[in-house]
Each structure stands twice: as C-alpha cells, then as structure tokens.
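Trainee: If you scroll down you'll find the structure; I have some questions about it.
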Amino acid sequence: MPVFKVNIRPEEPVYIISVVSRLVGIPVWTLRQLDKAGIVSPKRQGKKSRLYCHKDIERLEYIHYLMEEKRVNISGIRIILQMNNKVSKSR
C-alpha cells in the first residue's frame with residue numbers, strides 16, 4: 001500500500017469528530033460537551049459538522065490526560081487551561 005505525504009498546517013481544520021474521538025480516546029459525546037463548555041472550539045462546516053485541527057488534537061490529548069490520569073472534571077479542566085494560558089502569556 002502506498003504511503004502519502006500530505007502537508008497540512010497545524011491550524012487547518014480537517015478532522016471530523018469521529019476521527020478525533022478515535023485518535024484521542026475521548027467519546028464523541030464528551031467532545032461535544034467540551035465544545036459546549038468552550039474548552040475546545042472546533043471550526044464548523046455548515047450547522048452541524050465540527051472540524052478539528054492538529055492543535056485541537058494536541059489540546060485534547062492533554063485534556064484526556066487530565067480526565068483519565070488526574071480525574072479532573074470539565075469545570076476543573078477549564079480552570080487549569082485558563083491558568084496555563086495566563087502563565088504562558090506572562091512569560
């Protein structure tokens with residue numbers, strides 16, 4: 001089977017929610033809740049389709065770590081990410 005090399009910018013939204021769910025191990029319904037809570041903001045294609053970029057996936061991997069390893073709920077994740085943003089902006 002041939003291997004394809006595709007250059008995709010990290011900010012380019014190309015992954016649909018079911019693919020992201022499989023990549024990061026977070027159920028689709030949880031991804032929807034994270035979107036609703038404003039923790040992750042995938043781009044919309046039409047009214048329903050969510051498209052995620054590579055940067056979103058990296059963020060979701062960290063969120064998955066917080067949820068599974070550290071047992072943090074969605075409210076706690078929001079606070080942690082806000083604190084991380086404040087620290088990185090002050091540097």
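Trainee: Can you tell me how many residues within the stretch 1-42 are exposed (fewer than 14 other Cβ atoms within 10 Å of the Cβ) and of a type in the set (Phe, Trp, Tyr)?
Mentor: Adding up the residues that qualify gives 2.
Trainee: Just one of the numbered conditions (1) farther than 20 Å from SER75 by Cβ; (2) of a type outside the set (Phe, Trp, Tyr); (3) in contact with a Leu (Cβ under 6 Å, 6 or more places away or on another chain); (4) surrounded by 12 or more Cβ atoms within 10 Å (Cβ to Cβ) is not true of GLN45; which one?
Mentor: (4)
Trainee: Something else now. Which of the residues spanning the stretch 15-49 are free of Cβ contacts under 8 Å to residues at least 40 places away in the same chain and assigned to a strand (DSSP E or B)?
Mentor: Selection gives ILE16, LYS43, ARG44, GLN45, SER49.
Let's see how each residue does on (1) in a strand (DSSP E or B); (2) in contact (Cβ under 8 Å) with a residue 24 or more places away in the chain:
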| site | (1), (2) |
| --- | --- |
| MET1 | no, no |
| GLU12 | no, yes |
| LEU51 | yes, yes |
| GLU61 | no, yes |
| MET67 | no, yes |
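Every residue, every condition in (1) closer than 13 Å to ARG59 by Cβ; (2) in contact with a strand residue (DSSP E or B) (Cβ under 8 Å, 6 or more places away or on another chain); (3) of a type in the set (Val, Ile, Thr), yes or no:
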position	(1), (2), (3)
PHE4	no, no, no
ASN7	no, no, no
VAL20	yes, yes, yes
THR30	no, no, yes
LYS36	no, no, no
VAL40	yes, yes, yes
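Trainee: May I ask you to say which residue of GLN82, GLN45 is of a type outside the set (A, V, I, L, M), under 20 Å from LEU23 (Cβ atoms) and more than 9 Å from the chain's Cα centre (by Cα)?
Mentor: Details: GLN82 fails: under 20 Å from LEU23 (Cβ atoms).
Only one candidate qualifies: GLN45.
Throughout, read-outs are computed from the coordinates displayed, never taken from laboratory work. Keep in mind that what you see is a predicted model, and the values were worked out from it rather than measured. Here the Cβ is made from the backbone with ideal geometry for all residues, glycine too, and neighbour counts use every protein chain on show.
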